């Protein structure tokens, strides 16, 4: 069963506007973590933001914020004031629970390609 | 500078040949991971390791092998048994699970089978 769903294969946004990238997840584990990564055309994965399942507040990191709706199992990424350099693939990922032995395994969604237009 | 290095950046292999992808980290992380990425898709876990001389299969381990003889190094061998090895391979490392402890990624190796 697919555990991370990103329903938007591609999105575009005008420079300086905000954009929301959707992510829904499926888990029965009460303890989990959600991550967003950016992948520019160079291929390297860049960590953006993290939300723990027990965190009371939505995570924010500079222009990135996470709209975490636990009951709906969604963790949408909001990018404010888009810049041309934000054009990239964006991946949502989930880590379930505290893996036995401490493994930090991630499950990734298929990604959303964001294009920022001037 | 702390980080993860992968080599080579591009690799070409003939069918039937084994090939080894290098991954080295100087972040003093305990855990290391190998992922495969196909065009337009997300990352899929091949193998992961928490400590030296120990590693676990991920979701798509068939046709791959790894070793972890040193904490800093986690090479991946793509064997001739891997039926469709052309892909982008990413290595990552992290602290052990708990809290944020995000995975840090290397620049990747693009493998093409001729």
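Which log10 I(q)/I(0) values does the protein assembly as shown give at q = 0.15, 0.18 Å⁻¹ under the Debye formula, counting every alpha carbon as one identical point scatterer?
Scattering profile of the protein assembly as shown, log10 relative to I(0): -1.02, -1.37.
If the elastic network links every pair of Cα atoms under 10 Å, which of A:51, A:39, A:69 fluctuates the most in the Gaussian network model of chain A?
The residue that fluctuates most here is A:69.
Of the candidates A:18, A:75, A:93, which one comes out as most mobile in a Gaussian network treatment of chain A with C-alpha springs shorter than 10 Å?
A:18
Got a sec? How would B:23, A:23 order by Cβ neighbour count within 10 Å, fewest to most?
B:23, A:23
Shielding of A:77-87 by partners, i.e. mean partner chain Cβ atoms within 10 Å per residue?
0
Mark the label point 7 Å from the Cα of residue A:78 along Cα→Cβ and return the residues of segment A:1-21 whose backbone N is within less than 11 Å of it.
A:18-21
Most fluctuating residue of B:36, B:68, B:13 in a GNM of chain B with Cα springs under 10 Å: which is it?
In the Gaussian network model the winner is B:13.
Subtract the Cα-Cα distance of residue A:28 and residue A:3 from 0.36 nm times their separation in residues, and report this length gain in nm to one decimal.
Length gained between residue A:28 and residue A:3: 8.0 nm.
Could you work out the mean count of beta carbons from other protein chains within 10 Å of each residue's beta carbon in B:101-109?
Other-chain Cβ atoms within 10 Å of each residue's Cβ, averaged: 6.
Bin width 5 Å, alpha-carbon pairs only: give the P(r) of chain B as whole percents, running from 0 to the bin holding the largest distance.
2, 13, 24, 26, 19, 10, 4, 1, 0
Quickly rank B:103-109, B:48-54 as a protection proxy: mean count of other C-beta atoms within 10 Å, highest first.
Peptide ranking by packing, descending: B:103-109, B:48-54.
Please report, largest first and rounded to whole Å, the three semi-axes of the ellipsoid equivalent to chain A, where each semi-axis is the square root of five times an eigenvalue of the C-alpha gyration tensor.
For chain A, the ellipsoid semi-axes come out as 25, 15, 13 Å.
Based on a Kirkwood Rh over C-alpha pairs, give the Stokes-Einstein translational diffusion coefficient of segment A:9-56 at 37 °C and viscosity 0.692 mPa s in µm²/s.
The calculation lands on 244 µm²/s.
For segment B:5-56, take the alpha-carbon Rg, divide it by the Kirkwood Rh, and send me Rg/Rh.
On the Cα set of segment B:5-56, Rg over Rh gives 1.00.
Using label points projected 7 Å from each Cα along Cα→Cβ, tell me how many nm separate residue B:15 and residue B:53, to one decimal.
My value for the distance between the label points is 4.0 nm.
Per the Kirkwood definition applied to all pairs of different Cα atoms, how many angstroms is the hydrodynamic radius of segment B:30-97?
12.2
None of the figures in this text is laboratory data; all of them are computed from the coordinates on show. Small disclaimer: the values here were computed from a predicted structure and weren't measured. Glycine gets a Cβ as well: all are built from the backbone with ideal geometry, and neighbour counts include every protein chain shown.
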